[in-house]
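What follows is one structure encoded as structure tokens, with my remarks underneath.
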Amino acid sequence: MITVENLSKSYGSNSVLKNISVNFHEGEICGLVGANGCGKTTLMRCICGFSQPTSGYVVVNGSLIGGKSAIKRNPELAGTNPSIFSRVADFAPNTGVIIETPGFLPHETGLQNLMLLAAMSGRADKARARRAMIELGLDPDEKKQVWKYSLGQRQRLGFAQAFMEDPDVLILDEPFNAMDKASMEEVHDLLQRFKAENKIVLLASHSAEDIARACDVIFEMEDGNLRMIRE
Ligand SMILES: Nc1ncnc2c1ncn2[C@@H]1O[C@H](COP(=O)(O)OP(=O)(O)O)[C@@H](O)[C@H]1O
Ligand SMILES: [Mg+2]
């Protein structure tokens, strides 16, 4: 489970997230929908540990996210109820993330990029990288360098990376941008598989239509707050 507790995030005087508390559960595809600039990416970055909240905290599958500074910000967590979390981590563990267009080494092929990332994470190998590419409709034997990929192909390679590591949690920010209909259908199928495997999927989009199509549970973000609009 992902637990977001009393989370606020401000940039200077711009109060983007206002005391948000929400849980995202296994086996559900959870959607965040809202206008551009409402704070969807900011919330996802806080969940991953890429950004520190101004106050409040996030627990992902038992790990308090944000390392020691999360404890400093929430001193009440230091000695108390250990059932809230069992570990402290800088970043969300076993989590596949696509936030913004994924960056790859431009002068390597798609497979070379994935193999490099797999070696770094230790969570995938060549066979899995190949399989993930095929599932996303990319040819692992293609010699094309990534700088020649279309935006949609790059997006698919990002998905292949997220899927090859078989994460427990998937965080997808505007995943359908620049995707054609056929790739979107493939991704929908993969999301259903994740759901069937009882993983947590959190998906954000400004498109109410895309969210309605993909998600079981939907939260609308407005004025720094979340409101459940489908459960
Ligand atoms: N690093 C940052 N520094 C200052 N302001 C930021 C930063 N990141 C996001 N913001 C501001 O936070 C608000 C929410 O942005 P964002 O989370 O990207 O919204 P969304 O993803 O819903 O489009 C916007 O007003 C944006 O300008
Ligand atoms: Mg965004």
With no solvent and one equal point scatterer per Cα, compute the Debye intensity ratio I(q)/I(0) for region 175-219 at 0.29 Å⁻¹ and report its log10, rounded to two decimals.
-> -1.24
Quick one: Glu28, Glu185, fewest Cβ neighbours within 10 Å first, how do they rank?
-> Glu185, Glu28
What list of ³J(HN,Hα) couplings, whole Hz, do you get for region 96-104 from phi and the Karplus terms 6.51, -1.76, 1.60, once you set θ to phi - 60° and write x for glycine and proline?
-> x, 10, 10, 10, 6, 5, x, x, 10
Only Lys, Arg, Asp and Glu count, each charged at its Cβ (+1, +1, -1, -1), so figure out the dipole size of region 148-231 about its Cα centre, rounded to 20 debye.
-> 280
Taking the Cα centre of region 72-182 as origin and charging only Cβ (+1 Lys, Arg; -1 Asp, Glu), how large is the dipole, in debye to the nearest 20?
-> 180
Exposure proxy check on Asp210, Asp180: fewest-to-most Cβ neighbours within 10 Å is Asp180, Asp210
Between the modelled labels at Leu105 and Asp216 (7 Å from Cα along Cα→Cβ) the distance in nm is 3.9
Output for region 99-167: GluC sites (Glu not before Pro) sitting in coil per DSSP, at most 15 other Cβ within 10 Å, listed by number, reads Glu100, Glu108, Glu142
If R0 is 45 Å, what FRET efficiency do you get for Asn14 and Asp141 from their C-beta distance, rounded to 0.05?
-> 0.40
Computed helical MRE - 222 nm, the chain, DSSP H runs ≥ 4 contributing -39500 (n - 2.57), nearest 500 = -9500 deg cm²/dmol
Note on the chain: contact order normalised by length, alpha-carbon pairs under 8 Å, 6 or more apart, percent, works out to 29
Starting from the coordinates of the alpha-carbon atoms of region 110-206, obtain the Kirkwood hydrodynamic radius over all distinct pairs and give the value in Å to one decimal.
-> 13.6
Specify which residue in the list Met221, His25, Ala92 is farthest towards the positive end of the charge dipole of the chain, using unit charges on the beta carbon of Lys, Arg (+1) and Asp, Glu (-1), about the Cα centre.
-> Ala92
So what's region 1-88 giving for Cα Rg divided by 2.2 N^0.38 Å, two decimals?
-> 1.07
Computed for the chain: size of charge dipole around the Cα centre, +1 on C-beta of each Lys and Arg, -1 on C-beta of each Asp and Glu, debye to nearest 20, value 620
Beta bridges by DSSP in the chain, antiparallel share as percent, to the nearest 5 | 50
Within region 16-130, how many Lys pairs sit with Cα atoms under 26 Å apart, leaving out pairs fewer than 8 places apart on the same chain?
-> 5
For the chain the translational diffusion coefficient, Stokes-Einstein from a Kirkwood Rh over Cα pairs at 20 °C and viscosity 1.002 mPa s, in µm²/s, is roughly 117
Excluding residues fewer than 8 positions from Lys181 in its own chain, the aspartates and glutamates with Cα under 20 Å of it are Glu100, Glu135, Asp139, Asp173, Asp189, Glu209, Asp210
Among all stretches of the chain without exposed trypsin sites (Lys or Arg not before Pro) (DSSP loop, at most 12 other Cβ atoms within 10 Å), which one is longest?
-> 1-142
Two-decimal Rg to Rh for region 37-95 - Kirkwood Rh, Cα set = 0.97
How far is it, in nm, from the label point at Glu209 to the one at Met184 when both lie 7 Å from their Cα along the line to the Cβ?
-> 0.6
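The numbers here are math on the coordinates, done by the rules we state, and not lab data. Because the structure is a prediction, the values reported are computed rather than measured. Note that each Cβ is placed from the backbone with ideal geometry, even for glycine, and that neighbours are counted across all protein chains shown.
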